[in-house]
Amino acid sequence: MVSNPGCPPEVLLVFLRDSERQIRWDAVQHPNVDEAVRRAAVRSADNDVRWAAAQLHDLEPDLIEALLADAEWQVREQLAVNTRNASVLEALMQDRDARVRGEVALNELATGDQLRRLAEDASAGARAKVAARDLLPVDVQLRLAGDRSSNVRWWLCVSHDDDVGLMRRMSADPDKLVADHAKAALDQRQPGR
């Protein structure tokens, strides 16, 4: 019944407690979700339900605040991926978990300034997420091309291997895997191949 587009919010509230995870997720994502269902989902003791709720757009401000304070990093990570609220994205830049901060870089609303700050994050994992993002500002690319972590440089190289200038630079990387990937990317762009 949760797949029925006419499923009423009162029934969705019941489905939030279903034994099947997929039913609970579908109930949260249902087009008939109303404020009562959103509130129940965000306040649920079930991490999976809160995780699905963090993917919703147009959440009430107090529900966003509750998700920002959620104890589970996976819930806050989903908020970072899915929010369309610039102030929420900025708040998540300060999250205590680097996995959450890194996901901010993959949100399409992340600004150049936010990407620059994340490229300086103490966590190589967060910096690697920045490196994997499409359409990085050139100064951020250059900063990450010299990153102290070979993993960050690897993600930059494999995510931007269509950038000939960057690949030329990375072909001299001290890490053999990074340099070899950059050289292979350049070889593929040679005429006659």
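So which of V100, V28, V42 ends up being free of Cβ contacts under 8 Å to residues at least 40 places away in the same chain, within 21 Å of D121 (Cβ to Cβ) and open to solvent by less than 50 Å² (accessible area, probe 1.4 Å)? Reasoning before the result, please.
Details: V28 fails: within 21 Å of D121 (Cβ to Cβ); V42 fails: within 21 Å of D121 (Cβ to Cβ).
One residue alone meets the criteria, V100.
Taking A80, is it closer than 22 Å to A132 by Cβ, without any contact (Cβ under 8 Å) to a residue 40 or more places away in the chain and either in contact with an Asp or Glu (Cβ under 8 Å, 6 or more places away or on another chain) or surrounded by fewer than 20 Cβ atoms within 10 Å (Cβ to Cβ) (or both)?
Values: closer than 22 Å to A132 by Cβ: yes; without any contact (Cβ under 8 Å) to a residue 40 or more places away in the chain: yes; either in contact with an Asp or Glu (Cβ under 8 Å, 6 or more places away or on another chain) or surrounded by fewer than 20 Cβ atoms within 10 Å (Cβ to Cβ) (or both): yes.
Answer is yes for this residue.
Against the conditions (1) in contact with a Lys or Arg (Cβ under 9 Å, 6 or more places away or on another chain); (2) open to solvent by less than 20 Å² (accessible area, probe 1.4 Å); (3) over 19 Å from A182 (Cα atoms), where does D147 fall short? Just the number, please.
Here D147 meets the rest and fails (3).
Restricting the first residue to segment 164-179 and requiring it to be free of Cβ contacts under 8 Å to residues at least 40 places away in the same chain, which pairs with a second residue that is open to solvent by 40 Å² or more (accessible area, probe 1.4 Å) and aromatic (F, W, Y) meet a Cβ separation below 8 Å and a spacing of at least six or different chains?
Correct list of pairs: D175/W154; L177/W154; V178/W154.
Identify, by number, the condition in (1) surrounded by 15 or more Cβ atoms within 10 Å (Cβ to Cβ); (2) over 20 Å from V104 (Cβ atoms) that A54 doesn't meet.
The number of the failed condition is (2).
From A66, A105, A98, A91, grab the single residue that is of a type in the set (A, V, I, L, M) and in contact with a Ser or Thr (Cβ under 7 Å, 6 or more places away or on another chain). Please lay out each step first, then the result.
Values: A66 fails: in contact with a Ser or Thr (Cβ under 7 Å, 6 or more places away or on another chain); A105 fails: in contact with a Ser or Thr (Cβ under 7 Å, 6 or more places away or on another chain); A91 fails: in contact with a Ser or Thr (Cβ under 7 Å, 6 or more places away or on another chain).
Of the residues listed, the single one that is of a type in the set (A, V, I, L, M) and in contact with a Ser or Thr (Cβ under 7 Å, 6 or more places away or on another chain) is A98.
Looking at segment 154-175, which of its residues are surrounded by fewer than 17 Cβ atoms within 10 Å (Cβ to Cβ) and aliphatic (A, V, I, L, M)?
The answer is V158, V164, A172.
Name the single residue, out of those in segment 1-19 being under 22 Å from N47 (Cα atoms), modelled with pLDDT of 90 or more and in a loop (DSSP other than H, G, I, E, B), that is most open to solvent (accessible area, probe 1.4 Å). Step through it out loud before you land on a result.
Our first condition is that a residue be under 22 Å from N47 (Cα atoms); within segment 1-19, this holds for 2-3, 9-19.
Next, from what is left, pick out any that are modelled with pLDDT of 90 or more: 9-19.
Filter again for in a loop (DSSP other than H, G, I, E, B), leaving 16-19.
Working: L16: 13, R17: 176, D18: 46, S19: 105 Å².
Among them, the one singled out is R17.
Go through segment 83-96 and give me each residue that's in contact with an Asp or Glu (Cβ under 9 Å, 6 or more places away or on another chain) and surrounded by fewer than 18 Cβ atoms within 10 Å (Cβ to Cβ).
Passing the criteria: only R84.
Can you list residue pairs whose Cβ atoms sit under 6 Å apart, with the first residue in segment 47-75 being among the charged types (D, E, K, R) and the second being open to solvent by 60 Å² or more (accessible area, probe 1.4 Å)? Count only pairs 6 or more apart in sequence or on different chains.
Qualifying pairs under 6 Å: D48/R21; E72/N47.
The values are calculated or read from the model by the stated rules, or taken from the named source; none is laboratory data. Just so you know, these numbers come straight off a predicted model, no measurement behind them. Counting neighbours? That spans all protein chains shown, and the Cβs are built from the backbone with ideal geometry, glycine included. Accessible surface areas use protein heavy atoms only, side chains included; no ligands, DNA or RNA. Shrake-Rupley method; radii C 1.70, N 1.55, O 1.52, S 1.80 Å.
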